[in-house]
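Sharing a structure here in structure tokens format.
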Amino acid sequence: SSRRRGTAFERKFVGCGVHRGVVTSVSPDADRVTVEWTAVVYSDEAKTATDDDPTTTTTWGAGRSVAGAFSAEECRRIEALFDASCEPETDVRPSMGIARRNYWLRPVPRDDFGWVVARVLESLGRDAAFWETGAEGPRAAGSPPKEVLSEADFFDEGSGRIDFVLMHEFARDANFFDWHVDTKPGDGTRRTVNVNVILSTGFSGGELELGGRNASLGLGDLHAYPAALPHKVHDVLDGVRRTLVVAVRLPGDDSSDEEEESRGAYFENAERAYAELCRRTSDDDDHTVMTAPPAKMHWIYGDFLQATGRADEARLKYADSYRSTPERDAYVDAFAAAAAEKHAAGDLAGAADDLHMCAAIRPELPDHYADLGVVLWQGGDLEGAERALRAAQTAAEARGATEGLVAATAALTVVLEALGDSRRLDALAERDRAMSIDRDLAASAFDQLRALQ
């Protein structure tokens with residue numbers, strides 16, 4: 001079954017863990033295939049330094065996984081702690097892509113939970129760099145980490161590294177958690193790494209997808225990954241899926257210069273991951289393992305850009321999200337209708353925002369650029385109006401839309417006239433161009449513009 005191009009499968013290699021691969025070519029007699037290994041599902045052991053490789057490092061977003069880190073009896077012990085201590089909270093918000101049941105462990109009892117933290121550290125390592133950044137920084141072979149954590153570092157009052165502990169439960173009546181991230185710049189959470197332990201068996205579906213890979217779902221499997229990495233729980237089709245979640249944060253509440261630099265690097269890594277995931281999910285031919293709808297991944301990236309104060313870039317990513325859905329044209333119509341309503345009410349800034357989104361979603365259509373140019377002209381942003389109207393001209397020419405080209409050229413004439421004597425010759429040239437394309441259409445367009453003026 002694997003001897004067909006494009007077939008994906010997983011295979012375990014002794015000492016290297018489980019890897020996912022895709023068949024990229026097949027020999028003429030089908031007795032030989034070439035495989036590209038696209039993802040590590042989980043590794044048996046962490047990468048260590050050798051003489052040939054003088055540094056040890058963990059790639060941001062890859063995280064760390066250990067199969068069977070907790071025994072079946074230990075998983076039952078963890079479940080029992082939550083069942084005895086917590087009231088279940090049903091959290092169903094379909095518009096947010098959430099349907100789950102939460103068991104919050106508040107406060108986190110060191111006497112009953114300290115052994116779990118100790119096991120996590122024993123399994124995943126104690127290097128503070130990993131728990132603060134989601135990846136170890138490179139260091140010389142044989143050299144110790146700059147800081148080694150203990151169980152006590154996670155429980156210290158006022159400076160502990162545990163943000164919260166809960167058990168997620170997914171069943172048929174609350175069975176999914178769509179793509180999301182758990183931290184972004186400026187949110188004040190100081191979140192760094194998520195820890196998940198699979199506590200139950202006998203369910204189907206419910207895959208934990210981390211960025212571009214599915215994590216293993218064996219009982220007691222342990223996964224740690226950056227809180228800023230997009231992740232998702234796929235629909236649980238049958239049975240009950242229970243998972244321990246430990247949210248790790250930076251210690252304390254005050255940031256040092258060194259910590260701020262580390263936090264900046266954390267989110268730089270996150271942005272690189274978002275850009276790569278958006279690129280991969282938009283490419284149908286690269287045989288990646290990513291199954292996320294591009295819309296959600298673009299939206300996550302847009303939220304990140306918005307949080308960093310890059311509103312124009314965020315708008316483009318939100319537009320990418322709308323554009324990648326089957327409802328693309330309905331979104332454009334809704335934004336256009338909202339813009340018309342705001343324009344009629346005198347809200348030129350609001351109308352411009354909505355028309356910007358229309359143009360970003362469907363940049364090949366001239367009408368939205370033309371309307372945007374007129375609104376910006378009315379609002380006094382003449383340079384922005386010129387840019388929008390020249391984009392409208394380009395789109396109209398590409399589509400052979402004579403009426404759209406005339407309307408955009410007439411509006412551009414008025415904008416150039418408003419820019420003053422330095423642009424008078426440009427304005428005359430655009431007026432002549434509009435009249436030469438279609439005199440009657442141009443005359444009508446100029447009349448409408450005079451009425452708006």
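The values are calculated or read from the model by the stated rules, or taken from the named source; none is laboratory data. Quantities reported herein were computed from a predicted structural model and do not represent experimental measurements. Counting neighbours? That spans all protein chains shown, and the Cβs are built from the backbone with ideal geometry, glycine included. The protein model used for the area step is the full one, side chains on, heavy atoms only, and it has no ligands, DNA or RNA in it. Shrake-Rupley method; radii C 1.70, N 1.55, O 1.52, S 1.80 Å.
For the chain, what relative contact order do you get, as a whole percent, if you take Cα pairs closer than 8 Å and at least 6 residues apart? Write out the running numbers ahead of the final one.
On the way: 849 pairs, mean separation 48.2, N = 453.
After rounding, I find 11 percent.
Right, another one. Work through the residues other than ALA388 whose Cβ is under 11 Å from its Cβ and net out their charges, Lys, Arg +1 and Asp, Glu -1.
On the way: positive: ARG387, ARG390; negative: ASP371, ASP381, GLU383, GLU386.
Summing Lys/Arg as +1 and Asp/Glu as -1 gives -2.
Right, next: What's the local net charge at ALA270, with K and R +1, D and E -1, over the other residues with C-beta under 13 Å away?
Neighbour charge sum, excluding ALA270 itself: -2.
Turning to a different aspect of this structure: With only Lys, Arg, Asp and Glu charged, each at its Cβ (+1 for the first two, -1 for the last two), find how big the charge dipole of the chain is about the Cα centre; round to the nearest 20 debye. Each step should come with its number before you reach the end.
Values: 51 positive and 79 negative charges, 203 e Å.
The calculated dipole for the chain is roughly 980 debye.
While we're looking at this one, here's another question. Take the chain, drop everything but the C-alpha atoms, weight them equally and run the Debye formula without solvent; then report log10 I(q)/I(0) at 0.06 Å⁻¹ to two decimals.
After summing over all Cα pairs, the log10 values are -0.38.
Any idea how far apart CYS86 and ARG110 come out in nm if each label point goes 7 Å out from Cα toward Cβ?
2.1 nm
Report D for the stretch 296-361 in µm² per second (integer): Stokes-Einstein, Kirkwood Rh on Cα pairs, 25 °C, 0.890 mPa s.
Working: Rh = 12.1 Å.
Result for D is 204 µm²/s.
Ranking request for peptides 144-155, 351-362: highest mean number of other beta-carbon atoms within 10 Å first, then the rest in descending order. Display every interim value, and only then the final one.
On the way: 144-155: 14.7, 351-362: 23.8.
Put in order of decreasing packing, that is 351-362, 144-155.
How big is the charge dipole of the stretch 265-414 about its Cα centre, in debye rounded to the nearest 20, if each Lys and Arg gets +1 on its Cβ and each Asp and Glu gets -1 on its Cβ?
Numbers: 14 positive and 26 negative charges, 28 e Å.
The dipole magnitude comes to about 140 debye.
Then there is this: Considering only protein heavy atoms and a probe of 1.4 Å, how much of the accessible area of the stretch 143-188 is carbon and sulfur, as a whole percent?
Values: 1030 of 2230 Å².
The computed percentage sits at 46.
Which listed residue (ALA224, ASN214, GLY239) has the Cα farthest towards the positive end of the charge dipole for the stretch 205-262, taking +1 on Lys and Arg C-beta and -1 on Asp and Glu C-beta about the Cα centre?
GLY239
While we're here: Can you give me the Rg/Rh ratio for the stretch 198-354, using Cα atoms for both radii and the Kirkwood formula for Rh? List each step's numbers first, then the result.
Details: Rg = 19.9 Å, Rh = 18.7 Å.
Rg divided by Rh gives 1.06.
Still on this structure, I have one more. Rounded to the nearest 10 degrees, what's the angle between the helix 257-281 long axis and the longest principal axis of the chain, both from Cα atoms, 0 to 90?
So the inclination is approximately 70 degrees.
Compute the acute angle (0 to 90°) between the alpha-carbon long axis of helix 294-307 and the principal axis of greatest extent of the alpha-carbon atoms of the chain; round to the nearest 10°.
Approximately 80 degrees, to the nearest ten.
Could you count how many Lys pairs in the chain have their Cα atoms under 22 Å apart, skipping same-chain pairs fewer than 8 positions apart?
Details: LYS12/LYS47; LYS47/LYS146; LYS184/LYS232; LYS184/LYS296; LYS184/LYS317; LYS232/LYS296; LYS232/LYS317; LYS296/LYS317.
For the chain, qualifying lysine pairs total 8.
How tilted is helix 72-85 with respect to the longest principal axis of the chain? Cα atoms for both, answer in degrees (0 to 90, nearest 10).
With rounding to tens, the tilt is 70 degrees.
Suppose only helical runs count, i.e. DSSP H with n ≥ 4. What mean residue ellipticity at 222 nm does that imply for the chain under -39500 (n - 2.57) per run, divided by all residues and rounded to the nearest 500 deg cm²/dmol? Could you put the intermediate results ahead of the total?
Working: 14 runs with 198 residues, N = 453.
The per-residue figure over the chain is -14000 deg cm²/dmol.
Oh, and also: About its Cα centre, what dipole magnitude does the stretch 389-442 give when the only charges are +1 on Lys and Arg Cβ and -1 on Asp and Glu Cβ, stated in debye to the nearest 20?
Details: 7 positive and 9 negative charges, 21 e Å.
In debye, rounded to 20, the stretch 389-442 gives about 100.
So if the hydrodynamic radius of the stretch 342-441 is defined as the Kirkwood radius over C-alpha pairs, what does Stokes-Einstein give as its diffusion coefficient at 4 °C and 1.567 mPa s, in µm² per second? Let's see the in-between values first.
Working: Rh = 13.4 Å.
In µm²/s, the coefficient rounds to 97.
Now for a different question. Sorted by average packing, counted as other Cβ atoms within 10 angstrom per residue and highest first, what order do 24-33, 99-108 take? Present the calculation step by step, with values, prior to reporting the outcome.
Working: 24-33: 10.5, 99-108: 17.6.
Peptide ranking by packing, descending: 99-108, 24-33.
Ok, one more. So for the chain, taking the charge dipole from beta-carbon charges (+1 Lys/Arg, -1 Asp/Glu), which of THR413, HIS180, ALA345 sits furthest toward the positive end?
Ranked along the dipole, the leading option is HIS180.
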